[in-house]
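Here's the structure we're looking at; comments come further down.
The values are calculated or read from the model by the stated rules, or taken from the named source; none is laboratory data. None of these values were measured; they are calculated from a predicted model. Backbone-built Cβ (ideal geometry, glycine too); neighbour counts: all protein chains shown. Surface accessibility is based on the protein's heavy atoms, side chains included, excluding ligands, DNA and RNA. Shrake-Rupley method; radii C 1.70, N 1.55, O 1.52, S 1.80 Å.
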Amino acid sequence: MGWLSSTLQGLFTMADDLEQQPQGWLSSWLPAWRPTSMSQLKNVEARILQCLQNKFLARYVSLPNQNKIWTVTVSPEQKDRTPLVMVHGFGGGVGLWILNMDSLSARRTLHTFDLLGFGRSSRPTFPRDPEGAEDEFVTSIETWRETMGIPSMILLGHSLGGFLATSYSIKYPERVKHLILVDPWGFPLRPTDPSEIRAPPTWVKAVASILGRSNPLAVLRVAGPWGPGLVQRFRPDFKRKFADFFEDDTISEYIYHCNAQNPSGETAFKAMMESFGWARRPMLERIHLIRKDVPITMIYGANTWIDTSTGKKVKMQRPDSYVRDLEIEGASHHVYADQPHIFNTVVEEICDSVD
């Protein structure tokens with residue numbers, strides 16, 4: 001990769017595996033019980049990234065505190081326009097953007113990264129209080145931006161990524177030229193009337209049933225060799241979403257290996273949530289704190305379990321600012337994968353409005 005500038009040397013750790021060290025007697029035998037490792041995650045992700053047609057660079061970005069953020073940059077040679085930065089949701093990683101990466105990097109650089117505590121990034125111990133955990137995520141994103149040398153960006157976040165992108169925009173508005181929120185988690189207050197709550201999908205109910213005792217996806221780790229089968233059983237829709245690229249279980253394997261490791265980010269997410277669908281610190285109570293000149297677009301799947309009325313409530317909170325909300329038909333929570341062509345077109349139009 002001779003086109004990588006020599007000025008970036010020392011900032012990036014190329015293709016090292018961040019294998020997690022066992023801690024305690026339980027963890028000492030769980031790794032042998034679970035058919036997973038960071039190396040296996042690396043291998044399945046490599047199969048996904050092979051689908052990219054545009055030039056890309058995949059590497060670790062080393063932060064001053066020794067944590068590392070796994071980063072994939074597509075079309076790094078496109079330097080004339082504001083880059084698009086995409087932040088994945090809970091339990092995800094860079095690989096889940098594969099249906100979008102080539103299209104969205106056709107005319108500008110695209111950066112995607114695994115959030116701290118998820119995917120192939122470092123998995124540190126987060127603060128146990130919701131504000132501290134949220135701040136740890138946001139600080140890591142800002143430190144990543146500084147290390148990458150990105151002056152400003154179009155910031156897109158899905159689900160948990162949308163929540164964190166909004167929190168980031170409150171703290172660092174000068175870095176955000178447009179905030180795109182895709183089915184964002186954690187915005188509304190939890191309704192007191194159960195009839196106002198949208199029925200969640202089966203897998204969310206299954207997760208909610210174990211929340212009181214453990215981390216949300218602990219069942220994947222405790223299930224040991226049956227863990228990969230659980231992903232395929234509870235999320236068969238992912239195989240259909242990515243069927244144009246993969247006829248096998250590549251995506252299910254990727255999701256399993258992303259979430260069968262040390263549950264660092266998962267523990268932080270649990271600290272931040274009141275229950276799976278709601279945050280302890282709802283973002284709707286803080287959205288007005290984003291600087292007025294930061295435009296916001298909210299994209300929902302028409303069939304999502306997320307409360308889509310949030311978009312209209314954000315408009316009410318920001319009467320003197322640009323706020324647009326829209327729904328994509330035929331899409332559920334994972335809008336970017338349910339209707340990738342429509343999603344890509346919408347996001348491209350938003351980006352083109354910036355520069």
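Here are some notes:
- Restricted to the range 299-325, and to residues there that are open to solvent by less than 30 Å² (accessible area, probe 1.4 Å) and among the hydrophobic types (A, V, I, L, M, F, W, C), the residue that is nearest to Met86 (Cα to Cα) is Ile299.
- Residue check for Arg128: open to solvent by 10 Å² or more (accessible area, probe 1.4 Å), in contact with a helix residue (DSSP H, G or I) (Cβ under 6 Å, 6 or more places away or on another chain) and not β-branched (Val, Ile, Thr): yes
- Test: residue in the range 74-83 that is under 21 Å from Glu253 (Cα atoms), open to solvent by less than 10 Å² (accessible area, probe 1.4 Å) and in contact with a strand residue (DSSP E or B) (Cβ under 8 Å, 6 or more places away or on another chain): no
- Selection count, the range 99-118, where residues are open to solvent by 30 Å² or more (accessible area, probe 1.4 Å) and part of a helix (DSSP H, G or I): 2
- Of all the listed residues (Ile150, Ile141, Ile154), the sole one being among the β-branched types (Val, Ile, Thr) and assigned to a helix (DSSP H, G or I) is Ile141.
- Output for the range 168-183, where each listed residue is of a type outside the set (Asp, Glu) and within 22 Å of Trp305 (Cα to Cα): Leu179, Ile180, Leu181, Val182
- Among residues of the range 228-251, those that are open to solvent by less than 30 Å² (accessible area, probe 1.4 Å) and either on the phi > 0 side of the Ramachandran plot or assigned to a loop (DSSP other than H, G, I, E, B) (or both), counted: 2
- Some residue of the range 271-283 being surrounded by fewer than 16 Cβ atoms within 10 Å (Cβ to Cβ), touching a residue at least 40 places away in the same chain (Cβ under 8 Å) and among the polar types (S, T, N, Q): yes
- Selected residue (criterion: most open to solvent (accessible area, probe 1.4 Å)) from residues of the range 133-164 that are touching a helix residue (DSSP H, G or I) at 6+ places or on another chain (Cβ under 8 Å) and of a type in the set (Gly, Ala, Ser): Ser152
- Among all positions in the range 59-72, there is no residue which is over 23 Å from Gly117 (Cβ atoms) and either open to solvent by 30 Å² or more (accessible area, probe 1.4 Å) or modelled with pLDDT of 55 or more (or both).
- Against the numbered list (1) part of a strand (DSSP E or B); (2) open to solvent by less than 10 Å² (accessible area, probe 1.4 Å), Ser121 comes up short only at (1).
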